[in-house]
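The values are calculated or read from the model by the stated rules, or taken from the named source; none is laboratory data. Worth saying up front: this structure is predicted, and the values here are computed from it rather than measured. Cβ sites come from the backbone with ideal geometry, for glycine too, and all protein chains shown count toward neighbours. When the accessible area is computed, the model is the full protein with side chains, heavy atoms only, and any ligands, DNA or RNA have been set aside. Shrake-Rupley method; radii C 1.70, N 1.55, O 1.52, S 1.80 Å.
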Amino acid sequence: MFDKAQDNYRQINRYIEILSALIRELDDKQIKSVVNMGSGKGYLTFALYDYLYNVLQMDTQVVGVEYREDLVNLCEGIAKRAGFSKLNFVQGTIGDYQLDNMDLLIALHACDTATDDAIFKGIMANASLIVVAPCCHKQIRREMEKNKVNNSVSFLTKYGIFLERQAEMVTDGIRALVLEYFGYKTKVFEFISDVHTPKNILVVGIKGRVNQKRREEIKGMIRQVKSEFGISEQHLEKLLGI
């Protein structure tokens, strides 16, 4: 139990370090609204609120969205007792949560297409910064298993472990392309050693601009990837109608 707590502590600290650096890259460098999709027990949400409000002294509204009502009630109680007046937790799914605009969207280990739902919400709300740590890339793996297209990596993907890893890379690669299509500068990198968690990839989008020529190039790249791996649709791409 102690080791698990230490792993969580390392992840959250590292996550805050990364978010701090990413915020400095923003043109405005101000974060007025944050939504953490799938906030769970609230470790990251509380840490980020404390950092933004007390360290950076930003007047920031932070919302944690969580499906499990018992965790929402737990976190709401803690926030009230701590006097965190601009920190709230709401019960619901990522897909159902409604918002008009935000500066920062976070989704840490939202399972499978829930990560796509979170990115979709961020794009539609014109978020300045989107940061997700994807988990359980099942949708694309099922497509690849079903269609079994013969391609240059078939000698690898005939093995289940390599198919799983390829599905992860293809999924997150498409997500990065979709973010680029909507004008985000993208980064994909490990945020902590896989000794602490095997789900250690961050996909980051920083709002910028994109011209129509580049958008057409990206659309062509997405189509090519889908064809090469036998993918009929990817959830995020479908949501956005690319």
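Taking N as the residue count of the chain, its C-alpha radius of gyration divided by 2.2 N^0.38 Å amounts to 1.04. Across segment 84-95, rounded Karplus estimates of 3J(HN,Hα) from the backbone phi angles (6.51 cos²θ - 1.76 cosθ + 1.60, θ = phi - 60°) give 7, 5, 10, 10, 9, 10, 10, 8, x, 8, 4, x Hz, Gly and Pro being marked x.
For the chain, the dipole from Cβ point charges (+1 on Lys and Arg, -1 on Asp and Glu) about the Cα centre works out to 440 debye, to the nearest 20.
Pairs of Lys residues in segment 123-235, spaced 8 or more positions apart or belonging to different chains, with C-alpha separations under 24 angstrom: 28 in total. Highest-first packing order for the peptide set 169-181, 98-110, 18-30 is 169-181, 98-110, 18-30, based on the mean count of other beta carbon atoms within 10 Å. Helix 113-124 and the longest principal axis of the C-alpha atoms of the chain enclose an angle of approximately 70°.
Evaluating 6.51 cos²θ - 1.76 cosθ + 1.60 at θ = phi - 60° for every residue in segment 142-150, the Karplus couplings come out as 4, 5, 5, 5, 5, 8, 6, 5, 7 Hz, glycine and proline recorded as x.
The DSSP beta bridges internal to the chain are antiparallel in roughly 35% of cases.
Remark: the chain carries 52 Å² of accessible area per residue (probe radius 1.4 Å; ligands, DNA and RNA excluded).
Highest mean first, the peptides 73-86, 131-144 sorted by other C-beta atoms within 10 Å per residue fall in the order 131-144, 73-86. Only helices enter the 222 nm calculation for the chain: every DSSP H run of n ≥ 4 contributes -39,500 (n - 2.57), and dividing by all residues gives -15500 deg cm²/dmol, rounded to 500.
Axis of helix 160-181 versus longest Cα principal axis of the chain: the two differ by about 70°, to the nearest ten degrees.
With the Cα gyration tensor of segment 97-146 in hand, convert its eigenvalues to equivalent ellipsoid semi-axes via √(5λ) and list them largest first in whole Å.
Details: eigenvalues 116, 22, 12 Å².
Here the semi-axes work out to 24, 10, 8 Å.
Taking the accessible area of the chain, probe 1.4 Å, and keeping the other protein chains in place, the carbon and sulfur fraction comes to 50%.
Relative to the longest principal axis of the Cα atoms of the chain, the long axis of helix 69-82 lies at roughly 40 degrees.
The relative contact order of the chain comes to 17 percent, based on Cα pairs under 8 Å that sit 6 or more residues apart.
Restricting segment 203-242 to trypsin sites (Lys or Arg not before Pro) that sit in a DSSP loop and have at most 14 other Cβ atoms within 10 Å of their own Cβ leaves 209.
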